[in-house]
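Asker: Dropping the structure in here first, questions after.
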Amino acid sequence: MTDTPATPKNPLMPAAGLDDIDLAILAELAADARITNAALAARVGVAESTSIKRLRALRASGIITGFTTQLNLAALGFPIQAVVKVRMSSHIRDHVLQFHTALTKIPGVLTAFHVAGEDDYLVHVAVASPEELRDLVLNHINVHRGHGHTQTQLVFSVLPGAGVPFGTAAGGGGSAGWRGRLDA
């Protein structure tokens, strides 16, 4: 007889140490981050004390990094969204790190992705006017050492994806995917 390790039902379990209850909790929170602990416990099929203990452990381990609120940017006076593609002319470590730091401080930057490929960054921004978009690019992005080229693309609409599939979670509850922010 050969000893072969059992293949886990969910590929997330061995890497992150998650079981079906943890995955069910994550799926429920992804669907509604404002769910009460009592409702969460009922939907997952565990005691409230188990639910809160698991939730605290998921936060302490860094699996849950925070909770966010989705805002209507147009209603707040920022109707123009764009993705600014940035190509660096210099990939000297200090230039890249300085640019990372600067991106997080630019008013109007929602999210910045450091990516592989022809461009080095994709920067999602929201501004009040075309002039503010121009000024953001010219006065905050193009001025950095190592900057080579930018291309700005207007966003017509933002469509949420299906999220990361969790499969069947314990208790039968939960959504099929997770659309939570990864960086909150």
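Asker: Report whether or not His91 is modelled with pLDDT under 95, farther than 30 Å from Ala33 by Cβ and not in a strand (DSSP E or B).
Answerer: Against the criterion (modelled with pLDDT under 95, farther than 30 Å from Ala33 by Cβ and not in a strand (DSSP E or B)), His91 qualifies.
Asker: Might you check whether a residue that is surrounded by fewer than 11 Cβ atoms within 10 Å (Cβ to Cβ), on the phi > 0 side of the Ramachandran plot and either modelled with pLDDT under 90 or not in a helix (DSSP H, G or I) (or both) occurs anywhere in region 57-64?
Answerer: yes
Asker: Quick check on my filter: what residues within region 60-103 are of a type in the set (Lys, Arg) and closer than 14 Å to Val125 by Cβ?
Answerer: The answer is Lys85, and nothing else.
Asker: Go over the candidates Gln81, Gln70, Gln98 one by one and state the one that is over 17 Å from the mean Cα position of the chain (by Cα) and at pLDDT below 95.
Answerer: When all the criteria are applied, what remains is Gln98.
Asker: While we're looking at this one, here's another question. Pairs, please: C-beta under 7 Å, at least 6 apart or cross-chain, first residue without any contact (Cβ under 8 Å) to a residue 60 or more places away in the chain and in region 24-45, second surrounded by fewer than 18 Cβ atoms within 10 Å (Cβ to Cβ) and among the small types (Gly, Ala, Ser)?
Answerer: As it stands, the answer is Ala41/Ala47, since those pairs meet every condition given.
Asker: I would also like to ask the following. Just one of the numbered conditions (1) within 29 Å of Leu23 (Cβ to Cβ); (2) touching a residue at least 12 places away in the same chain (Cβ under 8 Å); (3) assigned to a loop (DSSP other than H, G, I, E, B); (4) not β-branched (Val, Ile, Thr) is not true of Glu118; which one?
Answerer: (1)
Asker: Is it true that some residue in region 1-16 is at pLDDT below 90, surrounded by 14 or more Cβ atoms within 10 Å (Cβ to Cβ) and part of a loop (DSSP other than H, G, I, E, B)?
Answerer: yes
Asker: Just the residues that are surrounded by fewer than 22 Cβ atoms within 10 Å (Cβ to Cβ), under 14 Å from Ile52 (Cβ atoms) and either outside the structural domain of Ala57 (by TED's automatic domain parsing) or under 20 Å from the mean Cα position of the chain (by Cα) (or both), please, taken from region 22-41.
Answerer: The answer is Leu29, Ile35.
Asker: Against the definition (closer than 24 Å to Ala162 by Cβ and part of a helix (DSSP H, G or I)), how does Ala30 come out, yes or no?
Answerer: Against the criterion (closer than 24 Å to Ala162 by Cβ and part of a helix (DSSP H, G or I)), Ala30 qualifies.
Asker: Now for a different question. Considering only region 145-158, state which residues are at pLDDT below 90 and part of a loop (DSSP other than H, G, I, E, B). Spell out the reasoning first.
Answerer: Start the filter on region 145-158 by keeping residues that are at pLDDT below 90, which leaves 145-147.
Those that are at pLDDT below 90 and part of a loop (DSSP other than H, G, I, E, B): Arg145, Gly146.
Asker: If a residue has to be surrounded by 12 or more Cβ atoms within 10 Å (Cβ to Cβ) and assigned to a loop (DSSP other than H, G, I, E, B) to count, how many in region 121-144 make the cut?
Answerer: Number of matching residues: 4.
Asker: Which ones in region 65-87 are closer than 25 Å to Val115 by Cβ and touching a residue at least 60 places away in the same chain (Cβ under 8 Å)?
Answerer: Thr65, Gly66, Thr68, Ile80, Gln81, Ala82, Val83, Val84, Lys85, Val86, Arg87
The values are calculated or read from the model by the stated rules, or taken from the named source; none is laboratory data. In this text the structure is predicted, and so the values were computed from the model without any measurement. Using ideal geometry, Cβ is built from the backbone for each residue, glycine included, and neighbour counts are taken over all protein chains shown.
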